[in-house]
Amino acid sequence: MIVRRTVALLGLPAVLVAAWWVASAGSTDFYRPPLARILAAFRDTWFGRRLLDDVAPSLARLAVGYTVALCAGIAIGVAIGASPRLRALTEPVLEFLRAIPPPVLVPVVILVAGIGDLMKVLVIVSGCLWPVLLNTVEGVRAIDPTLADTARVYHIGGTLRLRRLVLRAASPQIVTGARQALSIGIILMVISEMFAASSGLGFTVVQFQRSFAIPEMWSGVLLLGLLGVLLSLGFRAVEARVLGWYHGLRAVARGSR
Amino acid sequence: MRRFAAFACLAVLAAGATACGSSGTPPAKSAPGQKDKVAASVIAIVDVAPIYLGKQKGFFDQQNIDLTLSTSQGGAAIVPAVVSGQVQIGFSNMTSLLLAASKGLPVKVVCNGVASTGVADKDYSAVLVKAGSPVHTAADLAGKTVAVNTLKNIGDTTVRASVRKAGGDPKAVRFVELAFPDMLAALQAGRVDAIWEVEPFVTAALGTGARMVAANYVDTAPNLTVATYFASVALTKANPDLVKRFVAAMNQSLQYADAHPDEVRQALGTYTKITPDVAAKLILPKWPTGINRQSVQTLADLAVGDGLMDKAPDLNALLP
């Protein structure tokens, strides 16, 4: 079982990497160097001070931006989802705001927040917020009326109601939004570093491209891909814990049918 | 899992591109009696006014060249286009070309592009501070933040040269990357302490009360060769006659532009968004036909000294 899962997980990547290796071996094209050189550049470039100087600041900004977006998105989403009047009032504005691609906001954010880490975090927040917020609104709105009525009958209110009923019922939707936000966050982490930056992964990749350090540039792209994979695996682990009850419930429902 | 798929696709694309990538297509030899087609990729800035003016004046037609101009964002995009043969001629600053050559890219400078005026208070490139700033000389920039358009290029190396010349500590200057049009707002908002600008932004900044503290090109070398036109080594070997004719037309354009500043100011409106009143005021660079080899050597030394590259390329191979 474990063997089969491992093969399923690593089989295709292994085949692709092998194909890349063979196809690029002996390449003399300056912009498409052999994979062997890219991997050598990967080792020399990223296992050293760069890990601290460029990878760490990027990931820190992503973590802060993502966390802020998650908290704000859930808080605002619960408020809007719970009140039909507020929902009717805010929906057009929310749809307008979420339709704005965050990269075009960068010059505006620079004017407001400067060129430091705050700007980069705000850019990440401005993109990650919407999937979380809108999914939370939907999740809260779709709470089972029977459950909501039952809670009312038993006079369950306040934080208890919020934790045990609202957030729990909406959590599958919230997690869906959070997963979308994570991939958007990685993209925006890179984009925010292409403006007014002096450190970071996106910045370093662009810097390599401009200084014609092509194998190093490719290695940066590889690293971004690998980070995406790791973050996605981490997310799945968290999801399995948070939504364990939900997956269990679904499995039972499927089994009993 | 979606990330995974994206990563896999990337690998496939890269592998495919490697397998079928071809490069270095020479320009099509035209039939007798027809003009040779030459495509040139430049940056839409004041520096390249001569090539637009020369095309307008018919200097390239006289050399039997049908010139097509396209604009690109910067050297990093133009160099691959030239090396792969998508365009025959490119325009780039000298530091970028030195970097490219040091990494082994087959590029060859064919003729001069643009040079500094060499006059400290009348150059088209300057380091500026806000009115009332405590920075008065380049030496005061130590410990301050300076905006440049691209890091690790001609901007930061020449600004460091200014600081060094004024007796300050060049290593203590912090650089941050901002696009030229965005710099003035950042300076006024106090986000950065100083900005490195080129025309037309120098004139615009001075108009808002900004103060010049250094002429970084002038401090670097007298009559610094800032940028040049270049081709791929393959083209210079395959079609030396075409390159020779391009250089003849280009040199004629450079001379004409240098001698007719009023026509240059008019030509600016044809390929940039510079308004006529700004074009009438801004300081024009110099367009000599010769490349100041000594100044290129200085740029190479600065690039090595600031850690942009390990070893300077062979200037005899890079320069004509």
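The values are calculated or read from the model by the stated rules, or taken from the named source; none is laboratory data. Quick caveat: nothing in here was measured; it's all calculated off a predicted structure. Don't worry about glycine lacking a Cβ; one is built from the backbone with ideal geometry, like all the others, and counts go over all protein chains shown. SASA here: full protein model, heavy atoms, side chains in, ligands and nucleic acids out. Shrake-Rupley method; radii C 1.70, N 1.55, O 1.52, S 1.80 Å.
Computed values, structure above
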item	result
Spread of Cα-to-Cα distances over 10 Å intervals beginning at zero, given as percent, for region B:208-320	11, 30, 34, 22, 3, 0
Selection from B:Thr158, B:Pro200, B:Phe180 lying farthest towards where the dipole of region B:120-220 points positive, charges on Cβ	B:Thr158
Shielding score for B:76-83, defined as the mean number of other chain Cβ atoms within 10 Å	3
Chain B: calculated mean residue ellipticity at 222 nm from DSSP helix runs of at least 4, using -39500 (n - 2.57)	-13000 deg cm²/dmol
Cβ-Cβ FRET estimate between A:Thr67 and B:Gln34, R0 fixed at 60 Å, reported to 0.05	0.40
Spin-label pair B:Lys237/A:Leu52, simplified geometry with 7 Å Cα→Cβ offset, distance in nm	4.6
Surface accessible to a 1.4 Å probe, A:Trp218 within the full protein complex, Å²	50
Listed residues A:Met119, B:Met212 arranged by accessible area, highest first, probe 1.4 Å	B:Met212, A:Met119
Computed label-point distance, nm, for sites B:Asp277 and B:Gln73 using a 7 Å Cα→Cβ extension	3.2
Flagged links, alpha-carbon separation over 25 Å, of B:Lys130/B:Lys286; B:Lys57/B:Lys273; A:Lys120/B:Lys273	B:Lys130/B:Lys286; A:Lys120/B:Lys273
Lys, Arg +1 and Asp, Glu -1 on Cβ, resulting dipole of the protein assembly as shown about Cα centre, debye, nearest 20	2200
Where a label projected 7 Å from the Cα of A:Ile100 along Cα→Cβ would reach, residues of region A:116-144 with amide N under 19 Å	A:116, A:118-134
Top of A:Ala56, A:Ala151, A:Ala213 by mean-square fluctuation, Gaussian network on chain A, Cα under 10 Å	A:Ala151
Mean residue ellipticity (222 nm) of chain A, computed from DSSP H runs ≥ 4 via -39,500 (n - 2.57), nearest 500	-27000 deg cm²/dmol
A/B buried area, accessible surface, summed, 1.4 Å probe, Å²	3400
Listed residues A:Trp21, A:Val123, A:Ser171: farthest to the positive end of the dipole of the protein assembly as shown (Cβ charges)	A:Ser171
Electrostatic dipole magnitude of chain A [Cβ: Lys, Arg +1; Asp, Glu -1; Cα centre; debye, to 20]	940
Cβ-derived FRET efficiency at R0 56 Å, B:Gln188 paired with B:Gln294, nearest 0.05	0.90
R0 of 60 Å, Cβ-Cβ distance A:Ala75-B:Asp314: FRET efficiency to nearest 0.05	0.45
Principal axes of region A:50-250: Cα extent on each, largest first, Å	68, 38, 22
About the Cα centre, charge dipole magnitude for chain B (Lys/Arg +1, Asp/Glu -1 at Cβ), debye	580
P(r) weight above 37 Å for the protein assembly as shown, C-alpha pairs, percent	45
Per residue convex hull volume, Cα atoms of region B:120-220, in Å³	79
Computed lengthening from A:Arg4 to A:Arg141, 0.36 nm per intervening residue step minus Cα-Cα distance	45.2 nm
Listed residue (A:Ile214, A:Val242, A:Thr150) projecting farthest to the positive dipole end of region A:50-250, Cβ model	A:Thr150
Convex hull volume per residue for chain B, taking Cα atoms only, in Å³	159
Residue among B:Ser70, B:Ser125, B:Ser232 with the largest mean-square fluctuation in a Gaussian network model of chain B, springs linking Cα atoms under 10 Å	B:Ser70
Cross-link partners of B:Lys237 among lysines (Cα-Cα below 28 Å; sequence separation of 8 or more within a chain)	B:Lys29, B:Lys35, B:Lys37, B:Lys55, B:Lys103, B:Lys108, B:Lys311
Compactness of region B:40-162, expressed as Rg and Dmax over alpha-carbon positions, Å	17.5, 56
